[in-house]
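Asker: Just passing along the structure, written as structure tokens.
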Amino acid sequence: MGVGMFKLVYKVNPEDNVATALSDLVEGERYPVFEEGRGIVGEVEARTPVPKWYKVSITDIREDEFVVKFGYPIGVSVVEIPSGYVVHVTNVLLSHEYDFKRLIEEGFILGEALTRIERGEVVRVGRNFKPSHPALKDLPNRTRIGIAVAPIAEGGLVRLGNMVDIPRRLGWNERYRELIKNFYRFIRAGLLDFSRLQVV
């Protein structure tokens, strides 16, 4: 089997909305989608670099939608994940059974978007953000919370997964530290594009 045979992404079930990269995927290049038992069923354009063995979205995945692999939900997206994006802990909760109250208490969910928040926009209490996290509830209006790394719909959840530059007042816990570590590891590795971020 030639090396070229591995320049594809692999899915198991017709219901899957992610596939496994069998080689490092280069941003801007197109790759065949190979489905178990059916062969080549389409192609996907890598819109971010995707390391070998990582998951790549092969359809557009909406925020709060199941991420499906092997025909089963393996997680829930925390932001919109366009087709061709790397799928990892920075944009997916890797469990499809999660408790919103517990996540709020643990600090994963910060609050709700009062208006649509664009990528790169500063998130401020009362202006475009209503806090639900206990550590943020008493903050005065216009307090800066962070910067959105992806569009957040009006009424959508503002979370650690779609924010950067979160203030330390949240009171980090182990889950935060692990996610932050992976998040910034992806930034340093160039796996996420923040070139358009405007810090105000």
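Asker: Taking amide H positions as placed 1.01 Å from N in the peptide plane, with prolines and chain starts having none, which residues 5 or more places from Val18, or on another chain, fall under 5 Å of its amide H?
Answerer: Close amide H contacts, sequence-distant or interchain: Ile58, Val68.
Asker: For Val158, what residues show an amide H to amide H distance below 5 Å, using hydrogens built from the backbone and excluding near sequence neighbours?
Answerer: Leu110, Gly111, Glu112, Ala113
Asker: Further question on the same structure: Under the Karplus relation 6.51 cos²θ - 1.76 cosθ + 1.60, θ = phi - 60°, what is the ordered set of whole-Hz ³J(HN,Hα) values for segment 111-117, x standing for Gly and Pro?
Answerer: Each residue of segment 111-117 in turn: x, 10, 6, 7, 9, 5, 10 Hz.
Asker: What residues have an amide H closer than 5 Å to that of Val87, excluding those fewer than 5 places away on the same chain, when H is modeled at 1.01 Å from N in the peptide plane?
Answerer: HN-HN under 5 Å from Val87: Lys55, Val56, Ser57.
Where a number appears in this text, it was derived from the coordinates with a stated rule and is not lab data. Being a predicted model, the structure only gives us computed values, none of them experimental.
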